[in-house]
Amino acid sequence: MVPQYEPLATLSGARDAVVSLAFSAKAKFLSAAGYSGVFVWDLSTSAAITLPHMLFAPQNPKYVITSSFWVYFQKNKCHVLLLASMRGDLILWDYKDDIKSFQVLYRVPPMENKEEEVLSMDVYEQDIASGRIGRVVAATANRHISVWSLSSSGEFSKIFSTTLDENINPKTVRMCKITRDIFVFPFYGGEILCLDYKTGAIKSRKSHGPGIMGSVALSNTSNKFVAYTGKNFHLYRLASLELLKTYSAETPVVMFSKTVAFGESENIIVGGTDRGHALIYEVNTEELLQTLTYPRGGLVQPVTTITLPDRHLIAIAGSTAQQSADVILFEKRIPLEDVSSPQLPSSASCTDVTPNHSSTDSVLIGFHLSKQIWDWARILGLMALLTFAGYYTVYQVWVF
């Protein structure tokens, strides 16, 4: 029997629709953002974290958050939450461990003081090694694509901003995890663009993509993507736009974009619905593996996933307007015999995975020991055995 996801926690607080969910590195935090602002929970305790003040004003675009992502700087062990608003603001909060709360790190107002909703955002790396700079891309309703750099010291600087043609509506932007180039997926029209990561110049155009792409998740190698096309979820080969798989879903009641995400090292996809649940599919077989129930019913738009060394996590949330929304956290334990197998991160949730030491560079002897240390231990053990054998032989000769 295939292991199932089990409910782990219900996280409450949002007073209106949630439209974006995000795990931080190693699933230390989970954030929910939308029409009632932002909520963040510490997943070790399920306790809400103190945040900078934000008004509850669902009708004010300044306080409606449309997109969110996390980055973690290994150098100073700093978690940064990136938020984008319906008005067009980019907001950065960093976590202060000494006071157990977030503070405003940076705020970028809308370009040219024109209110333009941020439709999508992505990061190149979620877990940023010492000496490296973070990169953030954002797409707005006025067809601007902007890329920023973020340092561990909190410096946030624009690298470039470019404006797309009038017929391109950039519903989703995704950054290639290999080249750093930017893929632009429009809501309608089917034309997919690839932009140069340094200048924003168009490197390639691909026509004849899906006519509707309400939500897109890009694989880690950027060779495949899965899109919600208005009814079903479809998997495509990016280079040729060949349709590979179709994951059948119910006929939608409302035409909101249902978020889709890869999970479990891209072996599953998880998609939202407007019927009070989320759906889990097996990537290769198209099989519906499980239905994740949202107790309040209605629109379940945002989903997010992460893989840890010992378990997989999925979070879903309600997105029905003018109704309190809960975040439901599900988990599936990884069998002990599989824990030693390296787990690769999932591209759509910016999943971070704790380094696994059970690899070809280590030996399991009740615990994992470096191969180099193990080899030296065997040599020293052999020398000790030979020395003992020599002394024993001399003793035997001397006595007898």
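Before moving on, here are some points about what is shown:
- Unit charges at the beta carbon, dipole of segment 74-126: most positive-side option, Ser85, Gln103, Leu119: Gln103
- Within segment 249-294: Cβ-based charge dipole about Cα centre, in debye rounded to nearest 20 (Lys, Arg +1; Asp, Glu -1): 240
- Dipole magnitude (debye, nearest 20) for segment 273-322, charges at Cβ of Lys, Arg, Asp, Glu: 280
- Largest first and in whole Å, the equivalent-ellipsoid semi-axes of segment 227-311 read 20, 18, 11, each the square root of five times a Cα gyration tensor eigenvalue.
- Here the Karplus curve 6.51 cos²θ - 1.76 cosθ + 1.60, taken at θ = phi - 60°, turns the phi angles of segment 215-223 into couplings of 8, 9, 10, 9, 5, 4, 8, 6, 8 Hz, with x standing for Gly and Pro.
- At 0.890 mPa s and 25 °C, Stokes D of segment 165-323 from Kirkwood alpha-carbon radius, µm² per second: 152
- Taking every alpha-carbon pair in segment 38-116 and binning the separations at 5 Å intervals from zero gives 3, 14, 23, 26, 17, 10, 5, 2, 0 percent.
- Solvent-accessible surface of segment 262-335, averaged per residue with a 1.4 angstrom probe and all protein chains in place: 32 square angstrom.
- Per-residue Karplus couplings for segment 288-297, computed as 6.51 cos²θ - 1.76 cosθ + 1.60 with θ equal to phi - 60°, are listed in order as 7, 7, 6, 10, 9, 7, 9, x, 6, x Hz, Gly and Pro entered as x.
- Antiparallel bridge percentage (DSSP; both residues within segment 1-41; nearest 5): 100
- Translational diffusion of segment 280-338, µm² s⁻¹ [Kirkwood Rh, Cα pairs; Stokes-Einstein; 20 °C; 1.002 mPa s]: 163
- Shape analysis of segment 122-247 yields a ratio of the Cα radius of gyration to the Kirkwood radius, Rg/Rh, of 0.98.
- Put simply, the convex hull of the Cα atoms in segment 119-184 casts, on average, a shadow of 4.6 nm².
- Accessible area, probe 1.4 Å, largest first, for residues Thr259, Thr293: Thr293, Thr259
- Around Asp97: net Lys/Arg minus Asp/Glu count, Cβ-Cβ under 12 Å: +1
- Computed over segment 33-180, Cα set: Rg, Dmax in Å: 15.3, 49
- Value of D in µm² per second that Stokes-Einstein yields for segment 102-142, Kirkwood Rh from Cα pairs, at 10 °C (1.306 mPa s): 127
The values are calculated or read from the model by the stated rules, or taken from the named source; none is laboratory data. Please read these numbers as outputs of a predicted model, since none were measured by experiment. Quick reminder, even Gly has a Cβ in these numbers, built from the backbone with ideal geometry, and neighbours come from all protein chains shown. For the accessible areas, the whole protein counts, side chains as well, though only heavy atoms, and no ligand, DNA or RNA atoms are used. Shrake-Rupley method; radii C 1.70, N 1.55, O 1.52, S 1.80 Å.
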